[in-house]
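Trainee: First the structure, which I've put down as structure tokens, then a few questions once you've had a look.
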């Protein structure tokens with residue numbers, strides 16, 4: 001009995017560290033004999049605002065149950081994204097899913113999150129403070145969220161690039177500072 005209470009307390013502490021954002025609710029109707037039977041589909045983005053984020057899709061007859069299912073699925077599928085200085089992307093990146101395409105660009109400090117609704121929810125849950133994003137093609141929230149995750153999956157940190165190229169991180173960082181100095185001239 002005490003073990004179960006301890007496990008529940010740990011689960012609540014783990015869940016409390018996450019921020020969840022409801023991105024989209026869709027009401028669907030099934031026509032049956034005697035009328036229509038309504039159901040709801042929810043798209044939720046969950047993150048810890050420290051570099052981990054996930055999304056989930058839940059369907060149920062009631063809205064709260066659909067949101068709960070989507071939140072549970074999102075927590076099971078968290079991905080880690082490396083952020084530069086804990087606030088922006090390391091480099092510009094593109095992503096796509098279906099007809100939804102997104103372009104994510106790193107931004108200087110103080111820019112804020114310049115992005116549309118579904119992408120904004122992902123960035124806020126992720127803990128990103130400065131990013132410029134543009135969606136091209138489909139505006140379907142499901143495709144935009146998946147395209148954003150596809151782009152974030154292609155994000156590489158300088159540490160992983162250095163390991164892949166058998167270089168030191170300082171050599172790669174030095175190149176970036178050289179490029180930044182040239183662009184300001």
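Trainee: Check the range 74-81 and report whether any residue there is touching a helix residue (DSSP H, G or I) at 6+ places or on another chain (Cβ under 7 Å), within 14 Å of residue 42 (Cβ to Cβ), surrounded by 14 or more Cβ atoms within 10 Å (Cβ to Cβ) and not assigned by TED's automatic domain parsing to the domain that holds residue 173.
Mentor: The answer is no; no qualifying residue exists.
Trainee: Hey, any hits in the range 90-98 for a residue that's over 30 Å from residue 58 (Cα atoms), at pLDDT below 90 and more than 18 Å from the chain's Cα centre (by Cα)?
Mentor: No, every residue in the range 90-98 fails to be over 30 Å from residue 58 (Cα atoms), at pLDDT below 90 and more than 18 Å from the chain's Cα centre (by Cα).
Trainee: May I ask you to say which residue of 151, 133 is under 17 Å from residue 47 (Cβ atoms), within 14 Å of the chain's Cα centre (by Cα) and not in a helix (DSSP H, G or I)?
Mentor: After applying the criteria, what remains is 133.
Trainee: Can you tell me which of (1) in contact (Cβ under 8 Å) with a residue 24 or more places away in the chain; (2) in contact with a strand residue (DSSP E or B) (Cβ under 7 Å, 6 or more places away or on another chain); (3) more than 23 Å from residue 143 (Cβ to Cβ) is the one residue 36 doesn't meet?
Mentor: (1)
Trainee: Go through the range 82-101 and give me each residue that's surrounded by fewer than 19 Cβ atoms within 10 Å (Cβ to Cβ) and assigned to a loop (DSSP other than H, G, I, E, B).
Mentor: 82, 85, 86, 87, 91, 92, 98, 99
Trainee: Across the range 107-119, which residue is farthest from the chain's Cα centre (by Cα) among those that are surrounded by 19 or more Cβ atoms within 10 Å (Cβ to Cβ) and part of a helix (DSSP H, G or I)?
Mentor: Residue satisfying both the conditions and the ranking: 118.
Trainee: Would you mind stating whether residue 104 is outside any helix (DSSP H, G or I), at pLDDT 90 or above and surrounded by 19 or more Cβ atoms within 10 Å (Cβ to Cβ)?
Mentor: Yes.
Trainee: Just checking, which of 50, 69, 59 is surrounded by fewer than 20 Cβ atoms within 10 Å (Cβ to Cβ), under 30 Å from residue 169 (Cα atoms) and either at pLDDT 95 or above or not assigned by TED's automatic domain parsing to the domain that holds residue 138 (or both)?
Mentor: Of the residues listed, the single one that is surrounded by fewer than 20 Cβ atoms within 10 Å (Cβ to Cβ), under 30 Å from residue 169 (Cα atoms) and either at pLDDT 95 or above or not assigned by TED's automatic domain parsing to the domain that holds residue 138 (or both) is 50.
The values are calculated or read from the model by the stated rules, or taken from the named source; none is laboratory data. Keep in mind that this is a model prediction, so the values were computed, not measured. All Cβ positions, even for glycine, are placed from backbone atoms using ideal geometry, and neighbour counts span all protein chains on display.
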